[in-house]
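The values are calculated or read from the model by the stated rules, or taken from the named source; none is laboratory data. These figures come from a predicted structure and were not determined experimentally. Reconstructed Cβ throughout: ideal geometry from the backbone, glycine too, with neighbour counts over all protein chains shown.
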2 protein chains.
Amino acid sequence: MRNLNEINITDAVLESFANTPSPRLEEILALLVRHLHDFAREAKLTEAEWMEGIRFLTATGHKSNDIRQEFILLSDTLGLSQLVVAQNNSRPQDATEQTVFGPFHVPGAPVLDAGADMAAGRKGAPCFVDGTVTAGGVPVRNAVVDVWQADGDGFYDVQDEKWSPDAMTLRAVFRTDANGRFSFRTVLPASYPIPTDGPVGDMLRATGRHAMRPAHIHFMIVAGGHETLITHMFVDGDAYLESDTVFGVRSSCIGNYIRHEPGQAPDGTKLNEPFYTLTQEFVLNPLPVPAHA
Amino acid sequence: MRNLNEINITDAVLESFANTPSPRLEEILALLVRHLHDFAREAKLTEAEWMEGIRFLTATGHKSNDIRQEFILLSDTLGLSQLVVAQNNSRPQDATEQTVFGPFHVPGAPVLDAGADMAAGRKGAPCFVDGTVTAGGVPVRNAVVDVWQADGDGFYDVQDEKWSPDAMTLRAVFRTDANGRFSFRTVLPASYPIPTDGPVGDMLRATGRHAMRPAHIHFMIVAGGHETLITHMFVDGDAYLESDTVFGVRSSCIGNYIRHEPGQAPDGTKLNEPFYTLTQEFVLNPLPVPAHA
């Protein structure tokens with residue numbers, strides 16, 4: 001292993017992994033090194049460009065901490081996250097599609113009763129969500145529905161400087177009833193920019209890309225015997241549906257949020273401002289029933 | 001740009017770079033995204049494996065600071081650094097070859113006179129280096145020769161906890177004389193492991209690779225009108241010449257370090273222990289003479 005040039009060095013590196021105990025790790029590393037080397041050769045990467053790459057990755061690591069994950073943001077904006085989601089979640093035609101999990105989920109959100117208001121006064125037009133969880137045309141009862149979203153200004157609660165886990169807003173957990181239904185009051189979310197004060201923001205600016213995601217509510221639905229569904233319901237008509245900066249929009253995940261003039265809301269209250277309703281069915285993918293031995 | 005699957009998402013991401021002002025940046029990003037996506041598809045990367053990659057890269061960033069560069073170490077151990085060096089430094093057949101710069105160079109090393117001892121008492125067998133810098137068969141005078149190395153235990157001075165830039169050892173700068181010659185006394189370097197207390201160490205352990213580099217002295221030679229030469233002179237016979245963990249060994253960079261029994265050293269002193277000599281020619285690559293306008 002001497003005198004390696006830019007061509008034969010690839011085989012030498014692959015050979016160095018020959019004693020890897022895990023065949024899967026060796027397979028992944030071999031593909032990674034092949035593509036990393038092919039990239040550097042095809043780009044004819046200079047030493048200065050290589051150093052800029054080292055600097056960018058280091059800054060991405062330094063920007064990441066317990067509540068900010070810049071490498072996930074980088075993966076999202078380079079389409080890698082959606083690619084990995086897509087290739088691991090092919091579903092039957094009629095099942096609701098999966099999209100990216102995103103960086104804003106917080107475990108331990110409050111468990112609320114049907115119809116509860118999870119907005120706690122945050123900005124935005126009132127919005128009433130009436131959901132049904134089904135599988136194979138049959139309602140799924142007792143499913144856990146974890147919901148989180150930005151407010152009418154495009155901000156998640158965790159983006160508040162004085163955020164505390166004891167006062168979560170615009171995130172909650174519901175359970176479906178015997179008819180597979182769940183419901184809650186919230187506000188209509190707005191589109192928002194992903195955080196741009198780090199290396200990913202530098203990348204977006206350097207490439208003339210915007211940082212926007214179209215408005216959406218996140219849903220994660222867990223039910224025994226079914227594949228967990230992680231998805232969004234996007235707001236139809238949003239200006240960024242065709243250019244989501246993390247490439248996550250699916251037509252089957254665009255919700256029919258209907259605007260209503262001031263008047264009586266679905267929960268019986270009388271509203272002096274326009275409000276929205278979303279009636280949405282979520283179709284789960286049943287897992288195969290395990291054969292008894 | 002909706003309903004992207006694991007195949008058509010690649011073109012969507014490339015399209016998102018269409019407004020990049022710098023054509024070179026767009027070219028690099030396009031190749032990067034193509035290979036990143038091909039890697040994920042060919043490996044059929046799962047969501048758990050993707051998350052492990054995010055975790056590894058984040059830890060690599062967190063391990064990097066002003067005096068430790070874990071991303072360079074990762075690039076070194078994946079052969080990327082040597083690949084980039086090789087493809088940017090093709091030299092005429094007779095010129096001394098380039099190899100990796102490594103992470104241990106410190107600028108501002110003391111300028112010493114010919115024959116000076118740069119070891120300052122550090123461990124290792126005495127070693128007398130007698131170098132000549134030439135180009136096209138002609139000595140190069142007044143070249144700046146920057147030298148740095150590990151000691152006989154395999155440690156660089158900066159790895160001492162109480163290191164101070166005011167007391168550098170085993171690093172110095174020399175100038176060639178009218179005959180292109182420079183000389184110094186040092187100790188024979190030992191082979192050594194790269195730092196393994198970070199993610200790169202985890203990778204080496206997980207793949208059954210050792211962390212060793214064969215013993216060497218670093219040389220960076222700068223002379224007007226010539227391409228700067230950054231290279232090592234490895235110690236012949238070292239056990240790790242065939243398995244350098246950063247893939248940097250070149251046959252033309254293996255020095256003929258000759259062992260001598262106790263007795264009179266090249267500088268006239270009488271030594272009671274065995275010592276080594278290295279007589280080495282460094283052949284520079286002349287730069288083209290700029291044409292006058």
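If you check every pair at least six apart or on different chains, which have Cβ atoms under 8 Å apart with a residue in region B:245-260 that is closer than 9 Å to B:Leu278 by Cα first and a residue that is charged (D, E, K, R) and in a loop (DSSP other than H, G, I, E, B) second?
Final answer for the pair search is B:Gly255/B:Asp236; B:Asn256/B:Asp236; B:Tyr257/B:Asp236.
Mind listing whichever residues of region B:5-16 are part of a helix (DSSP H, G or I) and out of contact with any helix residue (DSSP H, G or I) (no Cβ under 8 Å at 6 or more places or on another chain)? Show your work before the answer.
Restricting attention to region B:5-16, the residues satisfying the condition of being part of a helix (DSSP H, G or I) are B:9-16.
The answer is B:Asp11, B:Ala12, B:Glu15, B:Ser16.
Identify all residues within region A:77-130 that are part of a loop (DSSP other than H, G, I, E, B) and of a type in the set (D, E, K, R); write none if there are none. Outline the logic, then answer.
Here is the first cut: in region A:77-130, the ones part of a loop (DSSP other than H, G, I, E, B) are A:78-79, A:89-110, A:112-116, A:118-125.
Passing the criteria: A:Arg91, A:Asp94, A:Glu97, A:Asp113, A:Arg122, A:Lys123.
Could you figure out which of (1) at pLDDT below 95; (2) more than 19 Å from A:Thr176 (Cβ to Cβ); (3) aliphatic (A, V, I, L, M) isn't true of A:Ala109?
A:Ala109 satisfies all of (1) at pLDDT below 95; (2) more than 19 Å from A:Thr176 (Cβ to Cβ); (3) aliphatic (A, V, I, L, M) except (2).
Hey, any hits in region B:262-273 for a residue that's in a strand (DSSP E or B), polar (S, T, N, Q), at pLDDT 95 or above and in the same structural domain as B:Thr132 (by TED's automatic domain parsing)?
Start the filter on region B:262-273 by keeping residues that are in a strand (DSSP E or B), which leaves B:263-264, B:270-271.
Checking which are polar (S, T, N, Q) leaves us with B:264.
Of the ones still in play, those that are also at pLDDT 95 or above are B:264.
Among the residues that remain, those that are also in the same structural domain as B:Thr132 (by TED's automatic domain parsing) are: B:264.
Within region B:262-273, one or more residues are in a strand (DSSP E or B), polar (S, T, N, Q), at pLDDT 95 or above and in the same structural domain as B:Thr132 (by TED's automatic domain parsing).
Just checking, how many residues over region B:169-182 are in contact (Cβ under 8 Å) with a residue 60 or more places away in the chain and either surrounded by fewer than 19 Cβ atoms within 10 Å (Cβ to Cβ) or among the charged types (D, E, K, R) (or both)? Walk me through how you get there before you give the answer.
Our first condition is that a residue be in contact (Cβ under 8 Å) with a residue 60 or more places away in the chain; within region B:169-182, this holds for B:171-175, B:177, B:181-182.
Checking the rest, the ones that are also either surrounded by fewer than 19 Cβ atoms within 10 Å (Cβ to Cβ) or among the charged types (D, E, K, R) (or both) come to B:171, B:175, B:177, B:181.
The qualifying residues number 4.
Against the definition (assigned by TED's automatic domain parsing to the domain that holds B:Tyr192 and touching a helix residue (DSSP H, G or I) at 6+ places or on another chain (Cβ under 7 Å)), how does B:Val246 come out, yes or no? Break it down into steps so the answer makes sense when it comes.
Working: assigned by TED's automatic domain parsing to the domain that holds B:Tyr192: yes; touching a helix residue (DSSP H, G or I) at 6+ places or on another chain (Cβ under 7 Å): yes.
Taking the combined requirement at face value, the residue satisfies it.
Condition check ((1) at pLDDT 95 or above; (2) exposed (fewer than 15 other Cβ atoms within 10 Å of the Cβ)) across all residues:
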{"position": "B:Glu242", "(1), (2)": "no, yes"}
{"position": "B:Cys253", "(1), (2)": "no, no"}
{"position": "B:Arg259", "(1), (2)": "yes, yes"}
{"position": "B:His292", "(1), (2)": "no, yes"}
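Out of A:Val13, A:Val100, report the one residue that is over 17 Å from A:Val200 (Cβ atoms) and among the β-branched types (Val, Ile, Thr). Reasoning before the result, please.
On the way: A:Val100 fails: over 17 Å from A:Val200 (Cβ atoms).
Result of the check over A:Val13, A:Val100: A:Val13.
Those residues that are among the basic types (Lys, Arg) and at the interface with chain A (Cβ under 7 Å from one of its Cβ atoms), I need them from region B:42-83; list them, please. Give the steps one after another, and end with the answer.
Initial filter on region B:42-83 (among the basic types (Lys, Arg)): B:44, B:55, B:63, B:68.
The answer is B:Lys44, and nothing else.
Can you tell me which residues in region A:218-239 are buried (at least 19 other Cβ atoms within 10 Å of the Cβ) and either farther than 26 Å from A:Val140 by Cα or β-branched (Val, Ile, Thr) (or both)?
A:Ile221, A:Ile230, A:Thr231, A:Val235, A:Asp238
Across region B:229-244, what is the total count of residues that are touching a residue at least 12 places away in the same chain (Cβ under 8 Å), acidic (Asp, Glu) and at the interface with chain A (Cβ under 9 Å from one of its Cβ atoms)? If you could, list the steps in order and put the result at the bottom.
First, pick out the residues of region B:229-244 that are touching a residue at least 12 places away in the same chain (Cβ under 8 Å): B:229-236, B:238-241, B:243-244.
Filter once more, so that each one left must be acidic (Asp, Glu): B:236, B:238, B:244.
From the residues that got through so far, the ones that are at the interface with chain A (Cβ under 9 Å from one of its Cβ atoms) too are B:244.
Final tally of qualifying residues: 1.
Taking the condition at positive phi and at pLDDT below 95, does B:Gly248 pass?
Working: at positive phi: no; at pLDDT below 95: yes.
Judged against the criteria, B:Gly248 is not a match.
Of the residues A:Val100, A:Val84, A:Val129, only one is buried (at least 21 other Cβ atoms within 10 Å of the Cβ) and in contact with a His (Cβ under 9 Å, 6 or more places away or on another chain); which? Give the derivation first.
Working: A:Val84 fails: in contact with a His (Cβ under 9 Å, 6 or more places away or on another chain); A:Val129 fails: in contact with a His (Cβ under 9 Å, 6 or more places away or on another chain).
The unique qualifying residue is A:Val100.
Given the criteria within 13 Å of chain B (Cβ to nearest Cβ) and among the polar types (S, T, N, Q), does A:Ser252 qualify?
Numbers: within 13 Å of chain B (Cβ to nearest Cβ): yes; among the polar types (S, T, N, Q): yes.
Here the answer is yes, as A:Ser252 does meet what is asked.
Here are some conditions: (1) surrounded by fewer than 18 Cβ atoms within 10 Å (Cβ to Cβ); (2) part of a loop (DSSP other than H, G, I, E, B). A:Asp151 meets all but one. Which one does it not meet?
(1)
Do any residues in region A:115-135 that are free of Cβ contacts under 8 Å to residues at least 12 places away in the same chain have Cβ atoms under 7 Å from those of residues that are aliphatic (A, V, I, L, M) and surrounded by fewer than 18 Cβ atoms within 10 Å (Cβ to Cβ), where the two are at least six apart or on different chains, and which pairs are they?
Going by the 7 Å Cβ cut-off, there are no qualifying pairs.
Please go through region A:96-115 and pick out each residue that is more than 19 Å from A:Ala190 (Cβ to Cβ) and out of contact with any Ser or Thr (no Cβ under 9 Å at 6 or more places or on another chain). Explain how you work it out, then say what you get.
Residues of region A:96-115 that are more than 19 Å from A:Ala190 (Cβ to Cβ), as a first pass: A:96-98, A:101, A:106-115.
Those that are more than 19 Å from A:Ala190 (Cβ to Cβ) and out of contact with any Ser or Thr (no Cβ under 9 Å at 6 or more places or on another chain): A:Val106, A:Pro107, A:Gly108, A:Ala109, A:Pro110, A:Val111, A:Leu112, A:Asp113.
Go through (1) in contact with a Leu (Cβ under 9 Å, 6 or more places away or on another chain); (2) within 7 Å of another protein chain (Cβ to nearest Cβ); (3) crowded, with 18+ Cβ neighbours inside 10 Å one by one and return the number of the condition A:Arg34 breaks.
For A:Arg34, the exception is condition (2).
When A:Asp202 is evaluated against the numbered criteria (1) surrounded by 17 or more Cβ atoms within 10 Å (Cβ to Cβ); (2) at pLDDT 95 or above; (3) not basic (Lys, Arg), which criterion, by number, is the only one it fails?
Unmet for A:Asp202, out of (1) surrounded by 17 or more Cβ atoms within 10 Å (Cβ to Cβ); (2) at pLDDT 95 or above; (3) not basic (Lys, Arg): (1).
Residues of region B:1-15 being in contact (Cβ under 8 Å) with a residue 12 or more places away in the chain and either not assigned by TED's automatic domain parsing to the domain that holds B:Asp38 or not β-branched (Val, Ile, Thr) (or both), which ones?
B:Met1, B:Glu6, B:Leu14, B:Glu15
Does at least one position in region B:43-53 carry a residue that is of a type in the set (Phe, Trp, Tyr), without any contact (Cβ under 8 Å) to a residue 40 or more places away in the chain and crowded, with 18+ Cβ neighbours inside 10 Å?
First pass over region B:43-53, keeping only residues of a type in the set (Phe, Trp, Tyr): B:50.
Cutting the leftovers down to without any contact (Cβ under 8 Å) to a residue 40 or more places away in the chain gives us B:50.
In the following step, the residues that additionally are crowded, with 18+ Cβ neighbours inside 10 Å were identified as B:50.
Checked region B:43-53: at least one residue is of a type in the set (Phe, Trp, Tyr), without any contact (Cβ under 8 Å) to a residue 40 or more places away in the chain and crowded, with 18+ Cβ neighbours inside 10 Å.
Among the residues of region A:17-76, what is the count of those that are touching a Ser or Thr at 6+ places or on another chain (Cβ under 7 Å), β-branched (Val, Ile, Thr) and not in a helix (DSSP H, G or I)?
So the count comes out to 1.
Pick from region B:1-23 the residues that are farther than 24 Å from A:Arg34 by Cβ and surrounded by fewer than 16 Cβ atoms within 10 Å (Cβ to Cβ): which of them is farthest from the other protein chains (Cβ to nearest Cβ)?
Among those that are farther than 24 Å from A:Arg34 by Cβ and surrounded by fewer than 16 Cβ atoms within 10 Å (Cβ to Cβ), it is B:Pro23.
Of all residues in region A:261-293, which are polar (S, T, N, Q) and either free of Cβ contacts under 8 Å to residues at least 40 places away in the same chain or under 18 Å from A:Arg141 (Cα atoms) (or both)? Step through it out loud before you land on a result.
Taking region A:261-293 and keeping what is polar (S, T, N, Q), we get A:264, A:269, A:272, A:277, A:279-280, A:285.
A:Gln264, A:Thr269, A:Asn272, A:Thr279, A:Gln280, A:Asn285 - these are the residues of region A:261-293 that are polar (S, T, N, Q) and either free of Cβ contacts under 8 Å to residues at least 40 places away in the same chain or under 18 Å from A:Arg141 (Cα atoms) (or both).
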